[in-house]
Amino acid sequence: MHREIGSEFFGIPVCEAKNRLFDGAAWFMSGRSALLAIIEELCASKVVKTAALPDWCCESMVQPFLEKGIKVAFYAALEPPSPLQADILLVVDYFGYDQTPVPIGFEGIVIRDTTHSLFTKQYTDAAYSFGSLRKWAGFLTGGYAFGLRHPMSELPHLREFEYLRRDAMAAKLSYLRGERQDKAHLQLFAQAESLLDRGGLYAANENDVYHAQHLDVGALHTARTENAMLLHRYLYEFALFEPSEDTCPLCYPILTPYRDALRRHLIENEIYCPVHWPLAAELCPTEGTRRIYEQELSLVCDQRYGEADMMRIVRTVQEFFEKR
């Protein structure tokens, strides 16, 4: 058995009862595909020339706007909002903790990326919202969008992407069980991501839609909240946000100027924590946001793990700083 923590998911916590979170959702292969569908609908109904995005975001959120010829400007993330002039405002809530308000008086179209906040809060201040469930559990696809007036039917499936992720999840599970020693799943996941980077509009996997509608939200929320609170008890001095029982965290983000060295130390101990996000070429962040890009590390706290795993993360982080 391999005692790896983190990296890609391979299972989905489901229950018999159907949740109501996704009533009215349109389904896509990815969050990026869902965002592109929203942008295409807007461009078909009105002139859209400009969009304002937070200067802390994933490059995949920038590209759909650029693909449609929309000029993108950036506003400072995690700072009090100021009046903005743009046809579209993209708002992001980070990790389930930060709730970003829409600036008072904004007259354009508001789009919310609810990938991180889906299980923490439901919003009514946006014309559209979208996100990706692949960040939360072992979905092959899992992009969703709300607010589409003319949902697209008969979108093609990118089956190669689905098959690669399915095979990668199976290979990872075999590795963790000790049934194989190679890490072939890493290459398979990478191949799938390269297909995703091409963009385009594709449908979600049919089983993913069913699993999303039967996702055990209560179990997911409880496990993640308890894990994040435990990490915070010991690592609060590094915290970017403070968790609470009311939040369902995507992860537990910390800030440290030794981020890259700490990440390597965690990897050496088979703990794999992502960075949110690599700095996109299009971005010119504020000084405060640049610090986040350079120092942020997302500690894993999801439903696959319990108290023993969280304490292993705590001890490994503490061990790193004790040696400095």
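The values are calculated or read from the model by the stated rules, or taken from the named source; none is laboratory data. Please read these numbers as outputs of a predicted model, since none were measured by experiment. When we count neighbours, we look across all protein chains shown, and the Cβ atoms used for this are built from the backbone with ideal geometry, even at glycine.
Need the failing condition index for Thr114 against (1) over 30 Å from Glu4 (Cα atoms); (2) out of contact with any helix residue (DSSP H, G or I) (no Cβ under 7 Å at 6 or more places or on another chain); (3) assigned by TED's automatic domain parsing to the domain that holds Ala44; (4) not aliphatic (A, V, I, L, M), just the number.
(1)
Looking only at residues that are in contact (Cβ under 8 Å) with a residue 12 or more places away in the chain and farther than 14 Å from Gly142 by Cα in segment 14-29, which one is surrounded by the fewest Cβ atoms within 10 Å (Cβ to Cβ)?
Among them, the one singled out is Glu16.
If you scan segment 148-202, which residues turn out to be part of a loop (DSSP other than H, G, I, E, B), buried (at least 18 other Cβ atoms within 10 Å of the Cβ) and not hydrophobic (A, V, I, L, M, F, W, C)?
Passing the criteria: only Tyr202.
Would you be able to tell me the number of residues in segment 76-112 that are modelled with pLDDT of 95 or more and hydroxyl-bearing (Ser, Thr, Tyr)?
1
So Phe146 clears everything in (1) more than 28 Å from Glu270 (Cβ to Cβ); (2) under 19 Å from the mean Cα position of the chain (by Cα); (3) modelled with pLDDT under 95; (4) not polar (S, T, N, Q) except one condition, right? Which one?
(3)
With in a strand (DSSP E or B) and touching a residue at least 24 places away in the same chain (Cβ under 8 Å) as the only criterion, which of Ala52, Ala86 stands out?
Testing whether each residue is in a strand (DSSP E or B) and touching a residue at least 24 places away in the same chain (Cβ under 8 Å) leaves just Ala52.
Which of the following residues is in contact (Cβ under 8 Å) with a residue 24 or more places away in the chain, within 30 Å of Val62 (Cα to Cα) and out of contact with any Gly (no Cβ under 6 Å at 6 or more places or on another chain): Arg264, Arg312, Arg304, Arg291?
Arg291
A quick yes/no check of all residues on (1) over 20 Å from Arg290 (Cβ atoms); (2) under 20 Å from the mean Cα position of the chain (by Cα); (3) in a loop (DSSP other than H, G, I, E, B):
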position	(1), (2), (3)
Asp23	yes, no, yes
Ala37	yes, yes, no
Pro64	yes, yes, no
Ala73	no, no, no
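Answer yes or no as to whether Ile267 is outside the structural domain of Phe119 (by TED's automatic domain parsing), in a strand (DSSP E or B) and modelled with pLDDT of 95 or more.
no
Output the residues belonging to segment 259-278 that are over 22 Å from Ser117 (Cα atoms), surrounded by 14 or more Cβ atoms within 10 Å (Cβ to Cβ) and in contact with a helix residue (DSSP H, G or I) (Cβ under 8 Å, 6 or more places away or on another chain).
Arg259, Leu262, His265, Leu266, Asn269, Ile271, Tyr272
Of all residues in segment 108-147, which are within 16 Å of Tyr210 (Cα to Cα), assigned to a loop (DSSP other than H, G, I, E, B) and either of a type in the set (Ser, Thr, Tyr) or free of Cβ contacts under 8 Å to residues at least 12 places away in the same chain (or both)?
Selection gives Thr141 alone.
From the list Ala73, Ala51, pick out the single residue that is closer than 17 Å to Ile109 by Cβ and crowded, with 21+ Cβ neighbours inside 10 Å.
Only one candidate qualifies: Ala51.
How many residues does segment 274-315 contain that are part of a strand (DSSP E or B) and not charged (D, E, K, R)?
The total comes to 3.
Considering only residues that are basic (Lys, Arg) and not assigned by TED's automatic domain parsing to the domain that holds Asp87, look in segment 1-60 and name the one that is nearest to Thr316 (Cα to Cα).
Among those that are basic (Lys, Arg) and not assigned by TED's automatic domain parsing to the domain that holds Asp87, it is Arg3.
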